[in-house]
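The values are calculated or read from the model by the stated rules, or taken from the named source; none is laboratory data. Because the structure is a prediction, the values reported are computed rather than measured. A quick note on method: Cβ atoms are made from the backbone with ideal geometry, for glycine too, and the neighbour counts reach across all protein chains shown. To get the accessible areas, we keep the full protein, side chains included, count just its heavy atoms, and leave off ligands, DNA and RNA. Shrake-Rupley method; radii C 1.70, N 1.55, O 1.52, S 1.80 Å.
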Amino acid sequence: MMELDHLAVAGETRDLATAHVAQALGVALQAGGEHAVFHTHNTLLGLEEGLYLEAIAINPQAPAPDRPRWFDLDRFAGPPRLTNWICRCDDLDATLAALPDGFGAPVSLQRGDLRWRMAVPASGILPFDNCAPALMQWDGDTHPAARLAPSGCRLRRLTVTHPEATVLAGMLAPLLIGGHVRLETGPAGLTAAFDTPSGTRTLT
């Protein structure tokens with residue numbers, strides 16, 4: 001089984017991605033850190049119900065990785081935007097075996113004392129124009145959301161649109177639990193609605 005773990009907002013720089021989230025939701029993000037292997041860095045926002053959001057970008061001070069970066073960041077251009085949804089699994093290998101090819105192979109990662117495995121396609125591009133979820137498994141009981149200060153923000157709904165949304169929904173239906181995610185037919189993209197201290201806000 002899989003359930004929503006966190007959301008990713010990408011930008012050409014970390015500062016731009018961070019500012020996009022802060023302006024959209026009216027709250028400040030917290031320091032994140034650096035990612036080895038893919039050489040990206042992020043800032044973080046704690047959400048209610050054990051979820052969180054990251055603003056992520058390529059770290060220009062880090063060396064180029066020896067493989068395409070996750071979340072298709074090598075091809076990212078334009079204004080910051082909500083680009084990915086990440087689902088955690090209790091058994092990443094079994095979940096990948098239950099899905100068609102294309103969701104990627106597990107890569108072992110860490111940031112500080114956080115350790116996890118993420119399924120990353122060799123191209124860095126997830127199925128359905130990056131509208132399919134990235135899949136991961138946390139190693140150990142440590143989770144970033146437990147360390148983040150409350151922001152007063154709660155995810156109401158993540159809407160994933162794609163021309164082939166019914167096909168993607170059929171793939172995920174036997175595995176995806178939780179009520180935050182809705183898949184709809186339309187142009188490829190993600191939209192998230194939040195309850196915030198300033199009222200209902202939308203992030204795209």
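Tabulated results
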| quantity | calculated |
| --- | --- |
| Dimensionless Rg/Rh of region 1-56 - Kirkwood Rh, Rg from C-alpha atoms | 0.98 |
| Largest-first principal axis extents, alpha carbons of the chain, Å | 40, 38, 36 |
| Compactness index (Cα Rg / 2.2 N^0.38 Å), region 1-97 | 1.11 |
| Total charge dipole magnitude, the chain, about the Cα centre, Cβ charges on Lys, Arg, Asp, Glu only, Debye to nearest 20 | 440 |
| Relative contact order [Cα under 8 Å, 6+ residues apart], the chain, whole percent | 24 |
| Carbon and sulfur %, accessible surface of the chain computed with the full protein complex present, 1.4 Å | 51 |
| Computed magnitude of the charge dipole of region 131-183 (debye, nearest 20; Cβ of K, R +1, Cβ of D, E -1) | 320 |
| Sequence of 108, 151, 123 when ordered by accessible area, the most exposed leading, probe 1.4 angstrom | 108, 123, 151 |
| Options 45, 29, 60, ranked by Cα towards positive dipole end of region 27-90, top entry (Cβ charges) | 60 |
| Debye log10 I(q)/I(0) at q = 0.25, 0.29 Å⁻¹ for region 140-180, Cα point scatterers | -0.95, -1.05 |
| Radius of gyration and maximum dimension Dmax of region 84-196, Cα, Å | 14.8, 40 |
| Student exercise, region 39-98 dipole from Lys, Arg, Asp, Glu Cβ charges, in Debye to nearest 20 | 360 |
| Accessible area of residue 153 in the full protein assembly, 1.4 Å probe (Å², nearest 10) | 0 |
| Solvent-accessible area per residue, Å², over the chain with all protein chains present [probe radius 1.4 Å] | 44 |
